[in-house]
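One structure is given below, encoded as structure tokens.
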Amino acid sequence: MRETCHSLGRMESMGNNSPGPEIRALARNIRMSAHKARRVINQIRGRSYGQALMILELMPYGACYPISQLIHSAAANANHNMGLNKANLLVGRVEVNEGAVLKRIQPRAQGRGYPIQKPTCHITIVSEEISRSNDPIMSIESRKKGYVWRRK
């Protein structure tokens with residue numbers, strides 16, 4: 001059975017702290033636990049589009065495939081809706097939330113049935129353009145190096 005990845009491209013204004021509309025891709029009801037998806041998502045948060053795809057291709061987890069599909073979808077949304085170049089994109093805010101739990105029964109001996117719970121999750125990726133992400137707490141150079149410089 002193949003998992004489907006539904007994406008929803010939205011352009012929303014975030015108020016004062018965001019300089020322009022956001023690029024969003026959303027995948028709902030992905031058949032994996034949120035814990036396993038967060039393990040992969042934490043590695044690509046704050047990376048550029050190319051770096052995130054390279055990391056996802058080299059990681060040995062099953063959660064990498066739907067997440068890479070979602071990053072491709074966010075880049076396609078940015079290119080189509082706003083005319084942005086994929087090379088200038090940055091993986092910004094990423095959320096993994098728990099979805100509905102699919103409840104199944106495993107037949108056992110003597111007419112018993114053991115419950116099986118199959119978790120799902122919802123993944124949201126919000127991308128930013130590199131030139132627009134002027135975060136005063138963390139700059140692009142420090143994101144590349146892995147350092148976090150805080151204001152005093």
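In the list 23, 71, 30, 67, which residue meets the criterion of being among the aliphatic types (A, V, I, L, M), surrounded by 20 or more Cβ atoms within 10 Å (Cβ to Cβ) and at pLDDT below 95? Steps first, please.
Values: 71 fails: at pLDDT below 95; 30 fails: at pLDDT below 95; 67 fails: at pLDDT below 95.
Answer to the selection: 23.
Cβ-Cβ distances below 6 Å connect the following pairs, each with a first residue in segment 25-38 that is in contact (Cβ under 8 Å) with a residue 12 or more places away in the chain and over 12 Å from residue 98 (Cβ atoms), a second residue that is in a strand (DSSP E or B) and not basic (Lys, Arg), and a separation of six or more residues or different chains: 25/125; 26/124; 27/123. If you check 100, 75 for being in contact with a Phe, Trp or Tyr (Cβ under 6 Å, 6 or more places away or on another chain), among the small types (Gly, Ala, Ser) and outside any strand (DSSP E or B), only one passes: 75. Pairs needed: first member in segment 49-76, in contact (Cβ under 8 Å) with a residue 60 or more places away in the chain and within 20 Å of residue 130 (Cα to Cα); second member anywhere, of a type in the set (S, T, N, Q) and buried (at least 19 other Cβ atoms within 10 Å of the Cβ); C-beta distance under 6 Å; at least 6 residues apart or different chains. Listed by first residue and then by second, the contacts come to 74/127. When you scan segment 106-117, do you find a residue that is touching a helix residue (DSSP H, G or I) at 6+ places or on another chain (Cβ under 7 Å) and not β-branched (Val, Ile, Thr), even just one? No, the conditions are met nowhere in segment 106-117.
When residues of segment 117-151 are filtered for being within 23 Å of residue 66 (Cα to Cα) and either part of a strand (DSSP E or B) or modelled with pLDDT under 95 (or both), how many remain?
Filtering segment 117-151 down to residues within 23 Å of residue 66 (Cα to Cα) leaves 117-129.
With the extra rule that they be either part of a strand (DSSP E or B) or modelled with pLDDT under 95 (or both), the set shrinks to 117-118, 121-129.
Selection size over segment 117-151: 11.
When residues in segment 78-96 are screened for being part of a strand (DSSP E or B) and out of contact with any Cys (no Cβ under 9 Å at 6 or more places or on another chain), 7 of them pass.
The values are calculated or read from the model by the stated rules, or taken from the named source; none is laboratory data. What you see is a predicted model, and the numbers here were worked out from it, not measured in a lab. Glycine also receives a Cβ, built like all others from the backbone with ideal geometry; neighbour counts cover every protein chain displayed.
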